[in-house]
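> The structure is given below, and queries will be raised subsequently.
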Amino acid sequence: MDVLAIVTPIDTDEYEDMPLEGHIVSGDPKARVHWIRREPSGQGMLQTGLFTAQPSVCRWVFEGDETIYVIEGEVRIDFVESGESVVLRSGDIGSFPKGVDAIWTFKKPFKEFFVLCG
């Protein structure tokens, strides 16, 4: 029988290290991820999970279209090509297209729920 639902508490302790070698600009993010879903859906990719990071700066190119909901903390995202930036705080939602090159400045301990598809 197929799984009909996946239930994950936001305060889960079931995180794994998320290596960011090559992406760290400064600091030590101690990035961790709790995967909720990593299987493909239909013809494309669909990944969801919880991500945490400590104050630091990282550069990331979005691997797919991604939407995040900030649960805790604050992040400033600077878009490399346009020079624009956005600040997201607890309760904010951001949505970004695949391929965008961005610098993430985690100002406080940070936690997000993300949906990545492509």
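> Ignoring everything but the protein chains, give the 1.4 Å probe accessible area of residue 115 in square angstrom, nearest 10.
Its accessible surface works out to 50 Å², give or take rounding.
> Go through 101, 28, 92 and list them by solvent-accessible area, largest first, probe radius 1.4 Å.
Largest accessible area first, the residues go 28, 92, 101.
> Could you rank 76, 38 by how accessible they are, 1.4 Å probe, largest area first?
On the way: 76 75, 38 130 Å².
Of 76, 38, the descending order of accessible area is 38, 76.
> Follow-up question, since we're still on this one. Could you list which residues have their amide H under 5 Å from that of residue 45, counting only those 5 or more apart in sequence or on another chain, with H placed in the peptide plane?
For residue 45, whose amide H was placed from the backbone, the distant partners under 5 Å are 118.
> Give me the net charge of residue 26's neighbourhood, meaning all other residues with Cβ under 13 Å from the Cβ of residue 26; Lys, Arg count +1, Asp, Glu -1.
+1
> List the aspartates and glutamates whose Cα lies under 13 Å from the Cα of residue 30, skipping any in the same chain that are fewer than 8 positions away.
Hits, sequence-local ones excluded: 16, 17, 21.
> Using a Förster distance of 25 angstrom, determine the FRET efficiency expected from the C-beta separation of residue 81 and residue 24, and round it to 0.05.
Computed FRET efficiency for residue 81 and residue 24 comes out at 0.75.
> Quick one: accessible surface of residue 86, probe radius 1.4 Å, all protein chains present, in square angstrom to the nearest 10.
For residue 86, the solvent-accessible surface is approximately 50 Å².
> For residue 23, tell me the accessible area in Å² from a 1.4 Å probe, rounded to the nearest 10.
Its accessible surface works out to 60 Å², give or take rounding.
> Multiply the residue gap between residue 95 and residue 71 by 0.36 nm, knock off their C-alpha separation, and tell me the result in nm, one decimal place. Write down the numbers at each step before the final one.
Values: separation 24, 0.36 × 24 = 8.64 nm, distance 1.49 nm.
Stretched out fully, the residue 95 to residue 71 stretch lengthens by 7.2 nm.
> Please report the equivalent ellipsoid semi-axes of region 44-115, computed as sqrt(5 x eigenvalue) of the Cα gyration tensor, largest first, in whole Å. Before the final figure, lay out each step's value.
On the way: eigenvalues 59, 51, 21 Å².
Whole-Å semi-axes of the equivalent ellipsoid: 17, 16, 10.
> Same structure again: Where a Cα-Cα gap under 17 Å defines reach, which aspartates and glutamates qualify for residue 107, not counting those fewer than 8 residues away within the same chain?
28, 72, 74, 78, 92
> Then there's this: Once both labels are modelled 7 Å past Cα along the beta-carbon direction, what's the residue 117-residue 15 spacing in nm?
The modelled label-to-label distance comes out at 2.6 nm.
> Next question. Among residues other than residue 74 whose Cβ falls under 15 Å from its Cβ, what is the net charge (Lys/Arg +1, Asp/Glu -1)?
Summing Lys and Arg as +1 and Asp and Glu as -1 gives +1.
> How high is the FRET efficiency between residue 7 and residue 63 when r is their beta carbon distance and R₀ equals 25 Å, given to the nearest 0.05?
It comes to 0.45.
> In nm, give the distance between the simple-model label positions of residue 54 and residue 35, each being 7 Å from the Cα along the Cα-to-Cβ direction.
Each label point lies 7 Å from its Cα, and together they span 2.5 nm.
> Spelling out what I want: for every residue of region 99-108, take phi, set θ = phi - 60°, compute 6.51 cos²θ - 1.76 cosθ + 1.60 (Karplus), and round to whole Hz; glycine and proline get x.
Per-residue couplings from phi come out as x, 6, 8, 9, 10, 9, 10, 7, 7, 9 Hz.
> What are the semi-axes of the equivalent ellipsoid of region 16-84, taken as the square roots of 5 times the eigenvalues of the Cα gyration tensor, listed largest first and rounded to whole Å? Please report the intermediate quantities before stating the final value.
On the way: eigenvalues 96, 54, 30 Å².
Whole-Å semi-axes of the equivalent ellipsoid: 22, 16, 12.
> Over the chain, what is the mean sequence separation of C-alpha contacts under 8 Å (at least six apart), divided by residue count, expressed as relative contact order in percent? Before the final figure, lay out each step's value.
On the way: 291 pairs, mean separation 33.4, N = 118.
For the chain, the relative contact order is 28 percent.
The values are calculated or read from the model by the stated rules, or taken from the named source; none is laboratory data. The shown structure was predicted, so the numbers you read here are calculated from the model rather than taken from an experiment. Positions of Cβ are generated from backbone atoms using ideal geometry, with glycine treated the same way; all protein chains shown enter the neighbour counts. Ligands, DNA and RNA are stripped out before the accessible areas are found, and what is left, the full protein with its side chains, is counted by its heavy atoms. Shrake-Rupley method; radii C 1.70, N 1.55, O 1.52, S 1.80 Å.
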